[in-house]
1. Among the residues of the stretch 320-362, which ones are assigned to a loop (DSSP other than H, G, I, E, B), in contact with a Lys or Arg (Cβ under 7 Å, 6 or more places away or on another chain) and either within 22 Å of LEU433 (Cα to Cα) or within 16 Å of the ligand (Cβ to nearest atom) (or both)?
2. Looking for something open to solvent by less than 60 Å² (accessible area, probe 1.4 Å) and out of contact with any helix residue (DSSP H, G or I) (no Cβ under 8 Å at 6 or more places or on another chain) - is there at least one such residue anywhere in the stretch 391-407?
3. Here's a check for you: in the stretch 314-350, which residue that is open to solvent by 10 Å² or more (accessible area, probe 1.4 Å), over 16 Å from the mean Cα position of the chain (by Cα) and small (Gly, Ala, Ser) is nearest to ALA254 (Cα to Cα)?
4. Does ILE369 meet the test of being closer than 22 Å to GLU175 by Cα and either away from the ligand (no atom under 16 Å from the Cβ) or within 21 Å of the chain's Cα centre (by Cα) (or both)?
5. Please pick out the residue among THR60, THR94, THR66 that is within 14 Å of LYS40 (Cβ to Cβ), open to solvent by 40 Å² or more (accessible area, probe 1.4 Å) and among the β-branched types (Val, Ile, Thr).
6. What residue, of ASP383, ASP353, ASP376, is modelled with pLDDT of 95 or more, surrounded by fewer than 17 Cβ atoms within 10 Å (Cβ to Cβ) and more than 24 Å from ARG315 (Cβ to Cβ)?
7. Name the residues in the stretch 356-373 that are of a type in the set (S, T, N, Q) and either modelled with pLDDT under 95 or closer than 19 Å to ASP327 by Cα (or both), would you?
8. Please count how many residues of the stretch 273-286 are assigned to a helix (DSSP H, G or I), in contact with an Asp or Glu (Cβ under 9 Å, 6 or more places away or on another chain) and surrounded by fewer than 20 Cβ atoms within 10 Å (Cβ to Cβ).
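The values are calculated or read from the model by the stated rules, or taken from the named source; none is laboratory data. Since the structure is predicted, the reported quantities are computational estimates derived from the model, not experimental observations. Counting neighbours? That spans all protein chains shown, and the Cβs are built from the backbone with ideal geometry, glycine included. Just so you know, the surface numbers come from the protein's heavy atoms only, side chains and all, with ligands and any DNA or RNA stripped out. Shrake-Rupley method; radii C 1.70, N 1.55, O 1.52, S 1.80 Å.
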Amino acid sequence: MTKFLRFFKILPLFLLFISCEKEEEAEGVIVIPPTKIQAKFEMSISSTDQNVLLLDNKTTGTGDFTSEWDFGQGGSLVLDQPGIEEVRFDNDGTYSVRLIVTNAAGLTVDEKTVIVDNTAGGICPNGVCGSTNSAILKDAATTFLVGNITRASRINAGGQHTDLLKSTFSTITSEYEMKMDQMYPSEGNYNFSAADAIVNFGVNNGINVHGHALIWHNATPDWVENYSGTDAEFEAMVKDYITTTVTRYKGKVASWDVVNEALEDGSGHPLRNSVFRQKMGDDYIKKCFQWARDADPDCLLFYNDYNMASSPTKRAAMFNIVDSLGDLIDGVGAQMHISYNGPSASNIQAVADGTVSRGKILHFSELDIRANPNNDQTVLTGDRANAQKAKFKEVVKIYNSIPLDNKYALTVWGVRDNESWLLNFWGHIDWPLMYDDNYNKKPAYDGFLEGLE
Ligand code: 9MR
(Lines give C-alpha, C1' and ligand atoms only; values in the text may rest on other atoms or scores of the structure.)
Protein backbone atom coordinates (compact mmCIF):
# COMPACT_ATOMS: atom_id res chain seq x y z
CA MET A 1 0.00 0.00 0.00
CA THR A 2 1.39 3.38 -0.90
CA LYS A 3 1.90 6.04 1.72
CA PHE A 4 -0.84 8.04 -0.04
CA LEU A 5 -3.45 5.30 0.37
CA ARG A 6 -2.43 4.69 3.97
CA PHE A 7 -3.16 8.36 4.67
CA PHE A 8 -6.75 7.98 3.45
CA LYS A 9 -7.22 4.86 5.58
CA ILE A 10 -6.41 6.67 8.79
CA LEU A 11 -8.20 9.91 7.79
CA PRO A 12 -11.60 8.92 9.30
CA LEU A 13 -9.97 8.08 12.63
CA PHE A 14 -8.25 11.44 12.58
CA LEU A 15 -11.53 13.25 11.86
CA LEU A 16 -13.26 11.33 14.69
CA PHE A 17 -10.51 12.44 17.06
CA ILE A 18 -10.99 16.08 15.97
CA SER A 19 -14.79 15.89 16.47
CA CYS A 20 -14.34 14.37 19.99
CA GLU A 21 -11.98 17.21 20.78
CA LYS A 22 -14.68 19.66 19.72
CA GLU A 23 -17.33 18.01 21.97
CA GLU A 24 -14.94 18.21 24.86
CA GLU A 25 -14.51 21.88 24.13
CA ALA A 26 -18.33 22.29 24.21
CA GLU A 27 -18.59 20.60 27.64
CA GLY A 28 -21.02 22.47 29.92
CA VAL A 29 -23.31 23.51 27.08
CA ILE A 30 -26.32 21.08 27.15
CA VAL A 31 -27.70 20.50 23.69
CA ILE A 32 -31.33 19.25 23.86
CA PRO A 33 -32.35 17.57 20.64
CA PRO A 34 -35.72 18.91 19.49
CA THR A 35 -38.62 16.72 20.73
CA LYS A 36 -40.11 14.52 18.11
CA ILE A 37 -43.69 15.37 17.17
CA GLN A 38 -46.05 12.91 15.54
CA ALA A 39 -48.68 14.43 13.28
CA LYS A 40 -52.04 12.77 13.81
CA PHE A 41 -55.65 13.65 13.17
CA GLU A 42 -59.07 12.09 13.40
CA MET A 43 -61.89 12.77 11.01
CA SER A 44 -65.61 12.26 11.08
CA ILE A 45 -68.59 13.40 9.09
CA SER A 46 -70.87 16.11 10.44
CA SER A 47 -74.08 14.59 11.74
CA THR A 48 -76.06 17.45 10.21
CA ASP A 49 -74.39 17.65 6.81
CA GLN A 50 -72.82 14.66 5.10
CA ASN A 51 -70.71 16.92 2.89
CA VAL A 52 -68.89 18.42 5.84
CA LEU A 53 -65.80 16.78 7.26
CA LEU A 54 -64.80 17.41 10.88
CA LEU A 55 -61.04 17.36 11.38
CA ASP A 56 -59.54 17.03 14.83
CA ASN A 57 -55.80 17.59 15.26
CA LYS A 58 -54.52 14.91 17.67
CA THR A 59 -50.79 15.51 17.19
CA THR A 60 -48.66 14.11 19.99
CA GLY A 61 -45.43 15.54 21.35
CA THR A 62 -44.32 18.54 23.37
CA GLY A 63 -42.73 21.86 22.60
CA ASP A 64 -43.51 24.34 19.90
CA PHE A 65 -44.88 23.11 16.63
CA THR A 66 -46.93 24.41 13.75
CA SER A 67 -49.83 22.47 12.21
CA GLU A 68 -51.07 23.12 8.70
CA TRP A 69 -53.82 21.42 6.71
CA ASP A 70 -53.85 20.43 3.11
CA PHE A 71 -57.52 19.71 2.47
CA GLY A 72 -56.65 18.07 -0.81
CA GLN A 73 -58.81 20.49 -2.79
CA GLY A 74 -55.98 22.40 -4.45
CA GLY A 75 -55.89 25.43 -2.14
CA SER A 76 -52.87 26.60 -0.19
CA LEU A 77 -52.01 25.22 3.24
CA VAL A 78 -54.29 26.38 6.04
CA LEU A 79 -52.96 27.02 9.53
CA ASP A 80 -54.72 24.81 12.09
CA GLN A 81 -56.93 26.73 14.49
CA PRO A 82 -57.89 25.65 18.02
CA GLY A 83 -60.90 23.29 18.03
CA ILE A 84 -62.30 21.23 15.19
CA GLU A 85 -61.90 22.27 11.56
CA GLU A 86 -65.01 21.99 9.42
CA VAL A 87 -64.37 21.54 5.72
CA ARG A 88 -66.92 21.16 2.95
CA PHE A 89 -66.47 18.60 0.20
CA ASP A 90 -69.17 19.26 -2.36
CA ASN A 91 -67.84 17.47 -5.42
CA ASP A 92 -67.56 13.76 -6.06
CA GLY A 93 -64.01 12.50 -5.97
CA THR A 94 -61.18 11.06 -3.91
CA TYR A 95 -59.20 13.54 -1.84
CA SER A 96 -56.03 13.25 0.23
CA VAL A 97 -56.35 15.26 3.42
CA ARG A 98 -52.97 15.90 5.05
CA LEU A 99 -51.91 17.41 8.35
CA ILE A 100 -48.35 18.74 8.19
CA VAL A 101 -46.73 19.41 11.55
CA THR A 102 -43.40 21.17 11.75
CA ASN A 103 -41.04 21.83 14.65
CA ALA A 104 -37.31 22.24 15.10
CA ALA A 105 -36.82 18.50 14.58
CA GLY A 106 -38.37 18.65 11.15
CA LEU A 107 -41.78 17.73 9.86
CA THR A 108 -44.22 14.85 10.14
CA VAL A 109 -47.36 14.24 8.14
CA ASP A 110 -50.61 12.35 8.70
CA GLU A 111 -52.72 11.62 5.65
CA LYS A 112 -56.18 10.17 5.12
CA THR A 113 -58.28 9.50 2.05
CA VAL A 114 -61.72 11.04 1.74
CA ILE A 115 -64.16 9.69 -0.81
CA VAL A 116 -67.14 11.82 -1.79
CA ASP A 117 -70.01 10.24 -3.62
CA ASN A 118 -73.07 12.44 -3.63
CA THR A 119 -75.35 9.72 -4.93
CA ALA A 120 -74.40 7.76 -1.79
CA GLY A 121 -75.19 10.76 0.40
CA GLY A 122 -71.96 12.80 0.41
CA ILE A 123 -68.71 11.90 2.14
CA CYS A 124 -68.44 8.12 2.43
CA PRO A 125 -67.92 7.08 6.04
CA ASN A 126 -64.47 5.53 6.54
CA GLY A 127 -64.06 5.48 2.81
CA VAL A 128 -66.87 2.96 2.49
CA CYS A 129 -69.26 4.31 -0.08
CA GLY A 130 -72.78 3.13 0.28
CA SER A 131 -74.82 1.55 -2.43
CA THR A 132 -75.73 3.84 -5.29
CA ASN A 133 -78.10 1.29 -6.72
CA SER A 134 -81.47 2.86 -7.25
CA ALA A 135 -83.25 -0.51 -7.55
CA ILE A 136 -85.94 -0.98 -4.93
CA LEU A 137 -85.76 -4.18 -2.89
CA LYS A 138 -89.48 -4.98 -2.94
CA ASP A 139 -89.61 -4.51 -6.72
CA ALA A 140 -86.42 -6.45 -7.36
CA ALA A 141 -87.66 -9.41 -5.32
CA THR A 142 -90.49 -10.54 -7.56
CA THR A 143 -91.24 -13.87 -5.87
CA PHE A 144 -91.21 -13.07 -2.16
CA LEU A 145 -91.85 -10.23 0.26
CA VAL A 146 -89.00 -8.14 1.63
CA GLY A 147 -89.54 -7.07 5.20
CA ASN A 148 -88.33 -4.92 8.01
CA ILE A 149 -89.37 -4.20 11.58
CA THR A 150 -91.03 -1.20 13.10
CA ARG A 151 -92.39 0.31 16.29
CA ALA A 152 -95.52 2.36 16.96
CA SER A 153 -93.38 5.35 18.00
CA ARG A 154 -91.59 5.29 14.65
CA ILE A 155 -94.85 4.89 12.77
CA ASN A 156 -96.32 7.83 14.65
CA ALA A 157 -93.20 9.96 14.12
CA GLY A 158 -93.32 9.41 10.36
CA GLY A 159 -90.43 10.83 8.35
CA GLN A 160 -87.59 8.85 6.86
CA HIS A 161 -88.40 5.62 8.70
CA THR A 162 -91.96 5.33 7.39
CA ASP A 163 -90.98 6.70 3.98
CA LEU A 164 -88.45 3.90 3.66
CA LEU A 165 -90.88 1.22 4.81
CA LYS A 166 -93.38 2.41 2.23
CA SER A 167 -90.92 2.80 -0.63
CA THR A 168 -88.69 -0.23 -0.16
CA PHE A 169 -90.35 -2.98 1.89
CA SER A 170 -93.40 -5.11 1.26
CA THR A 171 -93.91 -6.66 4.70
CA ILE A 172 -93.47 -5.40 8.25
CA THR A 173 -93.06 -7.04 11.64
CA SER A 174 -93.54 -5.37 15.00
CA GLU A 175 -90.19 -5.37 16.79
CA TYR A 176 -91.75 -5.83 20.25
CA GLU A 177 -95.29 -4.51 20.52
CA MET A 178 -97.15 -7.60 19.28
CA LYS A 179 -95.88 -9.79 22.08
CA MET A 180 -97.89 -10.90 25.09
CA ASP A 181 -96.19 -8.59 27.61
CA GLN A 182 -97.27 -5.60 25.51
CA MET A 183 -100.69 -6.71 24.30
CA TYR A 184 -101.87 -8.34 27.53
CA PRO A 185 -100.15 -6.40 30.35
CA SER A 186 -102.59 -7.32 33.12
CA GLU A 187 -105.27 -9.93 33.58
CA GLY A 188 -108.44 -9.10 31.71
CA ASN A 189 -106.93 -5.92 30.19
CA TYR A 190 -105.72 -6.11 26.67
CA ASN A 191 -103.83 -3.17 25.22
CA PHE A 192 -103.70 -3.22 21.46
CA SER A 193 -102.94 0.46 20.89
CA ALA A 194 -99.35 0.02 19.64
CA ALA A 195 -100.18 -3.14 17.73
CA ASP A 196 -103.13 -1.39 16.09
CA ALA A 197 -100.92 1.50 14.97
CA ILE A 198 -98.51 -0.91 13.29
CA VAL A 199 -101.16 -3.12 11.72
CA ASN A 200 -103.15 -0.12 10.45
CA PHE A 201 -100.02 1.42 8.97
CA GLY A 202 -99.41 -1.78 7.06
CA VAL A 203 -102.98 -2.18 5.90
CA ASN A 204 -103.36 1.50 4.90
CA ASN A 205 -100.16 1.40 2.88
CA GLY A 206 -100.63 -1.96 1.22
CA ILE A 207 -97.80 -3.50 3.22
CA ASN A 208 -98.14 -7.10 4.40
CA VAL A 209 -98.14 -7.51 8.20
CA HIS A 210 -96.47 -10.48 9.87
CA GLY A 211 -97.55 -11.01 13.50
CA HIS A 212 -94.73 -11.62 15.96
CA ALA A 213 -95.01 -13.34 18.42
CA LEU A 214 -97.98 -14.76 20.31
CA ILE A 215 -96.11 -16.97 22.78
CA TRP A 216 -92.51 -16.27 23.79
CA HIS A 217 -91.04 -17.12 27.18
CA ASN A 218 -88.99 -13.91 26.99
CA ALA A 219 -91.95 -11.58 26.52
CA THR A 220 -94.41 -13.02 29.00
CA PRO A 221 -96.01 -10.54 31.42
CA ASP A 222 -95.23 -11.01 35.11
CA TRP A 223 -98.82 -11.80 35.97
CA VAL A 224 -98.68 -14.76 33.58
CA GLU A 225 -95.26 -15.90 34.83
CA ASN A 226 -96.66 -15.84 38.37
CA TYR A 227 -100.15 -17.06 37.49
CA SER A 228 -102.16 -17.76 40.58
CA GLY A 229 -105.08 -19.78 39.18
CA THR A 230 -105.35 -23.46 38.34
CA ASP A 231 -103.73 -25.05 35.30
CA ALA A 232 -107.13 -25.29 33.64
CA GLU A 233 -107.72 -21.57 34.24
CA PHE A 234 -104.26 -20.82 32.85
CA GLU A 235 -105.00 -22.78 29.70
CA ALA A 236 -108.35 -21.03 29.26
CA MET A 237 -106.60 -17.68 29.71
CA VAL A 238 -104.02 -18.50 26.99
CA LYS A 239 -106.77 -19.72 24.69
CA ASP A 240 -108.66 -16.47 25.22
CA TYR A 241 -105.51 -14.41 24.57
CA ILE A 242 -104.68 -16.19 21.32
CA THR A 243 -108.26 -16.22 20.13
CA THR A 244 -108.83 -12.55 20.98
CA THR A 245 -105.59 -11.41 19.36
CA VAL A 246 -105.75 -13.48 16.18
CA THR A 247 -109.44 -12.65 15.72
CA ARG A 248 -108.78 -8.93 16.17
CA TYR A 249 -106.31 -8.93 13.28
CA LYS A 250 -108.10 -11.47 11.09
CA GLY A 251 -107.78 -10.37 7.48
CA LYS A 252 -105.14 -7.79 8.42
CA VAL A 253 -102.28 -9.86 9.77
CA ALA A 254 -101.31 -12.39 7.12
CA SER A 255 -99.19 -14.63 9.32
CA TRP A 256 -98.29 -15.18 12.96
CA ASP A 257 -95.31 -16.58 14.77
CA VAL A 258 -97.47 -18.62 17.12
CA VAL A 259 -94.64 -19.87 19.30
CA ASN A 260 -91.17 -18.37 19.42
CA GLU A 261 -87.96 -19.95 20.69
CA ALA A 262 -89.47 -22.92 22.54
CA LEU A 263 -86.23 -24.92 22.39
CA GLU A 264 -83.37 -24.91 24.88
CA ASP A 265 -79.86 -24.33 23.57
CA GLY A 266 -78.35 -27.06 25.76
CA SER A 267 -77.68 -30.64 24.84
CA GLY A 268 -80.57 -32.38 23.15
CA HIS A 269 -82.44 -29.08 22.84
CA PRO A 270 -85.41 -30.10 24.99
CA LEU A 271 -88.44 -27.84 25.26
CA ARG A 272 -87.80 -24.90 27.55
CA ASN A 273 -89.54 -25.35 30.82
CA SER A 274 -91.55 -22.17 30.33
CA VAL A 275 -94.65 -21.38 32.32
CA PHE A 276 -96.66 -22.50 29.28
CA ARG A 277 -95.08 -25.94 29.29
CA GLN A 278 -95.36 -26.25 33.05
CA LYS A 279 -99.06 -25.46 33.13
CA MET A 280 -100.27 -26.81 29.79
CA GLY A 281 -97.97 -29.79 29.25
CA ASP A 282 -95.55 -30.73 26.46
CA ASP A 283 -98.26 -30.33 23.85
CA TYR A 284 -98.79 -26.65 24.68
CA ILE A 285 -97.37 -25.72 21.28
CA LYS A 286 -99.96 -27.80 19.47
CA LYS A 287 -102.77 -26.28 21.54
CA CYS A 288 -101.60 -22.76 20.71
CA PHE A 289 -101.44 -23.53 17.00
CA GLN A 290 -104.90 -25.06 17.10
CA TRP A 291 -106.43 -21.97 18.78
CA ALA A 292 -104.72 -19.69 16.27
CA ARG A 293 -105.93 -21.85 13.38
CA ASP A 294 -109.48 -21.83 14.71
CA ALA A 295 -109.45 -18.04 15.11
CA ASP A 296 -108.27 -17.36 11.55
CA PRO A 297 -108.07 -20.36 9.21
CA ASP A 298 -106.56 -18.17 6.45
CA CYS A 299 -103.63 -16.93 8.50
CA LEU A 300 -100.25 -18.58 7.94
CA LEU A 301 -98.90 -20.05 11.17
CA PHE A 302 -95.17 -20.23 11.90
CA TYR A 303 -92.84 -21.67 14.51
CA ASN A 304 -89.89 -19.24 14.84
CA ASP A 305 -86.45 -19.86 16.37
CA TYR A 306 -82.78 -18.88 16.22
CA ASN A 307 -79.52 -20.73 15.41
CA MET A 308 -81.37 -22.82 12.86
CA ALA A 309 -78.39 -22.62 10.53
CA SER A 310 -75.50 -22.62 12.98
CA SER A 311 -76.72 -25.57 15.06
CA PRO A 312 -77.61 -28.75 13.15
CA THR A 313 -78.85 -30.36 16.36
CA LYS A 314 -81.17 -27.47 17.18
CA ARG A 315 -82.35 -27.50 13.58
CA ALA A 316 -83.23 -31.18 13.94
CA ALA A 317 -85.13 -30.47 17.17
CA MET A 318 -87.01 -27.66 15.42
CA PHE A 319 -88.00 -29.94 12.55
CA ASN A 320 -89.27 -32.45 15.12
CA ILE A 321 -91.66 -29.77 16.37
CA VAL A 322 -92.71 -29.02 12.81
CA ASP A 323 -93.33 -32.70 12.13
CA SER A 324 -95.36 -33.10 15.30
CA LEU A 325 -97.66 -30.24 14.26
CA GLY A 326 -98.58 -31.67 10.87
CA ASP A 327 -101.04 -29.48 9.00
CA LEU A 328 -101.44 -27.09 11.93
CA ILE A 329 -98.20 -25.39 10.95
CA ASP A 330 -97.65 -23.62 7.63
CA GLY A 331 -94.09 -22.55 7.93
CA VAL A 332 -90.72 -22.24 9.60
CA GLY A 333 -89.37 -18.91 10.78
CA ALA A 334 -85.59 -19.09 10.75
CA GLN A 335 -84.37 -15.99 12.52
CA MET A 336 -80.99 -15.58 10.76
CA HIS A 337 -79.08 -13.56 13.33
CA ILE A 338 -75.75 -14.41 11.74
CA SER A 339 -72.26 -12.98 11.13
CA TYR A 340 -70.24 -12.04 8.08
CA ASN A 341 -68.08 -15.14 8.65
CA GLY A 342 -70.68 -17.74 9.53
CA PRO A 343 -72.64 -19.95 9.61
CA SER A 344 -71.66 -21.54 6.32
CA ALA A 345 -73.75 -21.43 3.17
CA SER A 346 -74.30 -25.19 3.44
CA ASN A 347 -75.78 -24.85 6.91
CA ILE A 348 -78.07 -22.06 5.75
CA GLN A 349 -79.02 -24.19 2.78
CA ALA A 350 -79.88 -27.05 5.16
CA VAL A 351 -82.55 -24.89 6.82
CA ALA A 352 -84.08 -24.25 3.42
CA ASP A 353 -83.80 -27.91 2.35
CA GLY A 354 -85.39 -29.24 5.55
CA THR A 355 -88.28 -26.81 5.23
CA VAL A 356 -88.85 -27.44 1.53
CA SER A 357 -88.67 -31.23 1.90
CA ARG A 358 -91.50 -31.00 4.43
CA GLY A 359 -93.61 -28.93 2.07
CA LYS A 360 -93.56 -25.98 4.46
CA ILE A 361 -93.14 -22.26 3.85
CA LEU A 362 -89.87 -20.64 4.84
CA HIS A 363 -89.58 -17.19 6.41
CA PHE A 364 -86.08 -15.86 6.93
CA SER A 365 -87.58 -13.83 9.71
CA GLU A 366 -84.91 -11.84 11.55
CA LEU A 367 -81.94 -11.25 9.30
CA ASP A 368 -79.01 -9.22 10.54
CA ILE A 369 -75.38 -9.88 9.74
CA ARG A 370 -72.79 -8.85 12.31
CA ALA A 371 -69.72 -7.22 10.80
CA ASN A 372 -67.88 -7.09 14.12
CA PRO A 373 -68.67 -10.32 15.99
CA ASN A 374 -65.23 -10.42 17.63
CA ASN A 375 -65.17 -6.72 18.47
CA ASP A 376 -61.94 -6.27 16.54
CA GLN A 377 -63.11 -3.16 14.62
CA THR A 378 -63.85 0.38 15.72
CA VAL A 379 -65.15 1.48 12.34
CA LEU A 380 -66.80 -0.43 9.52
CA THR A 381 -63.87 -0.93 7.17
CA GLY A 382 -64.26 -1.36 3.44
CA ASP A 383 -63.14 -5.00 3.72
CA ARG A 384 -65.68 -5.83 6.40
CA ALA A 385 -68.45 -3.97 4.61
CA ASN A 386 -67.73 -6.04 1.52
CA ALA A 387 -67.60 -9.30 3.48
CA GLN A 388 -70.97 -8.41 4.99
CA LYS A 389 -72.28 -7.59 1.55
CA ALA A 390 -71.16 -11.03 0.32
CA LYS A 391 -73.05 -12.71 3.18
CA PHE A 392 -76.22 -10.74 2.45
CA LYS A 393 -75.91 -11.89 -1.14
CA GLU A 394 -75.42 -15.50 -0.06
CA VAL A 395 -78.48 -15.51 2.22
CA VAL A 396 -80.72 -13.87 -0.37
CA LYS A 397 -79.48 -16.20 -3.10
CA ILE A 398 -80.28 -19.26 -1.01
CA TYR A 399 -83.73 -17.91 -0.18
CA ASN A 400 -84.43 -16.87 -3.75
CA SER A 401 -83.51 -20.33 -5.02
CA ILE A 402 -86.16 -22.26 -3.09
CA PRO A 403 -89.32 -23.24 -4.99
CA LEU A 404 -91.96 -20.59 -5.34
CA ASP A 405 -94.47 -22.56 -3.27
CA ASN A 406 -92.16 -22.49 -0.26
CA LYS A 407 -91.45 -18.78 -0.41
CA TYR A 408 -93.01 -16.12 1.76
CA ALA A 409 -90.71 -13.38 3.01
CA LEU A 410 -87.24 -12.36 4.02
CA THR A 411 -87.39 -9.88 6.89
CA VAL A 412 -84.40 -7.81 7.97
CA TRP A 413 -84.31 -7.13 11.71
CA GLY A 414 -83.81 -3.39 11.72
CA VAL A 415 -83.45 -0.45 9.39
CA ARG A 416 -80.42 1.56 10.56
CA ASP A 417 -77.27 0.13 12.10
CA ASN A 418 -77.63 2.24 15.22
CA GLU A 419 -81.14 0.86 15.83
CA SER A 420 -80.09 -2.78 15.99
CA TRP A 421 -80.81 -4.76 19.17
CA LEU A 422 -77.35 -6.31 18.74
CA LEU A 423 -75.51 -3.21 19.97
CA ASN A 424 -77.04 -3.47 23.44
CA PHE A 425 -77.09 -7.23 23.45
CA TRP A 426 -73.36 -7.65 22.84
CA GLY A 427 -72.36 -4.32 24.38
CA HIS A 428 -70.08 -3.21 21.57
CA ILE A 429 -70.22 -1.47 18.23
CA ASP A 430 -71.43 -3.26 15.12
CA TRP A 431 -73.07 -2.43 11.79
CA PRO A 432 -75.38 -5.37 11.10
CA LEU A 433 -77.99 -3.85 8.79
CA MET A 434 -78.36 -2.48 5.25
CA TYR A 435 -78.50 1.22 6.15
CA ASP A 436 -76.02 3.31 8.11
CA ASP A 437 -77.05 5.62 10.94
CA ASN A 438 -78.08 8.29 8.42
CA TYR A 439 -80.26 6.03 6.27
CA ASN A 440 -77.58 5.72 3.59
CA LYS A 441 -77.64 2.42 1.78
CA LYS A 442 -74.58 0.32 2.57
CA PRO A 443 -72.82 -2.19 0.32
CA ALA A 444 -75.05 -4.76 2.07
CA TYR A 445 -77.97 -3.30 0.11
CA ASP A 446 -76.14 -4.15 -3.11
CA GLY A 447 -75.50 -7.61 -1.71
CA PHE A 448 -79.23 -8.13 -1.22
CA LEU A 449 -79.89 -7.05 -4.81
CA GLU A 450 -77.08 -9.21 -6.20
CA GLY A 451 -78.53 -12.23 -4.40
CA LEU A 452 -81.63 -11.81 -6.56
CA GLU A 453 -79.76 -11.93 -9.87
O1 9MR B 1 -85.29 -6.51 18.85
C2 9MR B 1 -86.25 -6.77 19.87
C3 9MR B 1 -86.01 -5.85 21.05
O4 9MR B 1 -86.17 -4.51 20.67
C5 9MR B 1 -86.97 -6.20 22.17
O6 9MR B 1 -86.65 -5.44 23.31
C7 9MR B 1 -86.90 -7.67 22.50
C8 9MR B 1 -87.93 -8.06 23.54
O9 9MR B 1 -89.23 -7.85 23.07
O10 9MR B 1 -87.09 -8.46 21.35
C11 9MR B 1 -86.16 -8.21 20.31
O12 9MR B 1 -86.44 -9.01 19.22
C13 9MR B 1 -86.23 -10.41 19.41
C14 9MR B 1 -87.29 -11.13 18.65
O15 9MR B 1 -88.56 -10.73 19.08
C16 9MR B 1 -87.15 -12.64 18.80
N17 9MR B 1 -85.84 -13.08 18.42
C18 9MR B 1 -84.73 -12.37 19.05
C19 9MR B 1 -84.88 -10.86 18.86
C20 9MR B 1 -83.72 -10.14 19.51
O21 9MR B 1 -83.75 -10.32 20.88
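1. Correct list: TYR340 only.
2. Checked the stretch 391-407: no residue is open to solvent by less than 60 Å² (accessible area, probe 1.4 Å) and out of contact with any helix residue (DSSP H, G or I) (no Cβ under 8 Å at 6 or more places or on another chain).
3. Restricting to residues being open to solvent by 10 Å² or more (accessible area, probe 1.4 Å), over 16 Å from the mean Cα position of the chain (by Cα) and small (Gly, Ala, Ser), the top hit is GLY326.
4. Yes: the conditions hold for ILE369.
5. THR60
6. Result: ASP376 is the single residue among ASP383, ASP353, ASP376 that is modelled with pLDDT of 95 or more, surrounded by fewer than 17 Cβ atoms within 10 Å (Cβ to Cβ) and more than 24 Å from ARG315 (Cβ to Cβ).
7. SER357
8. Count: 3.
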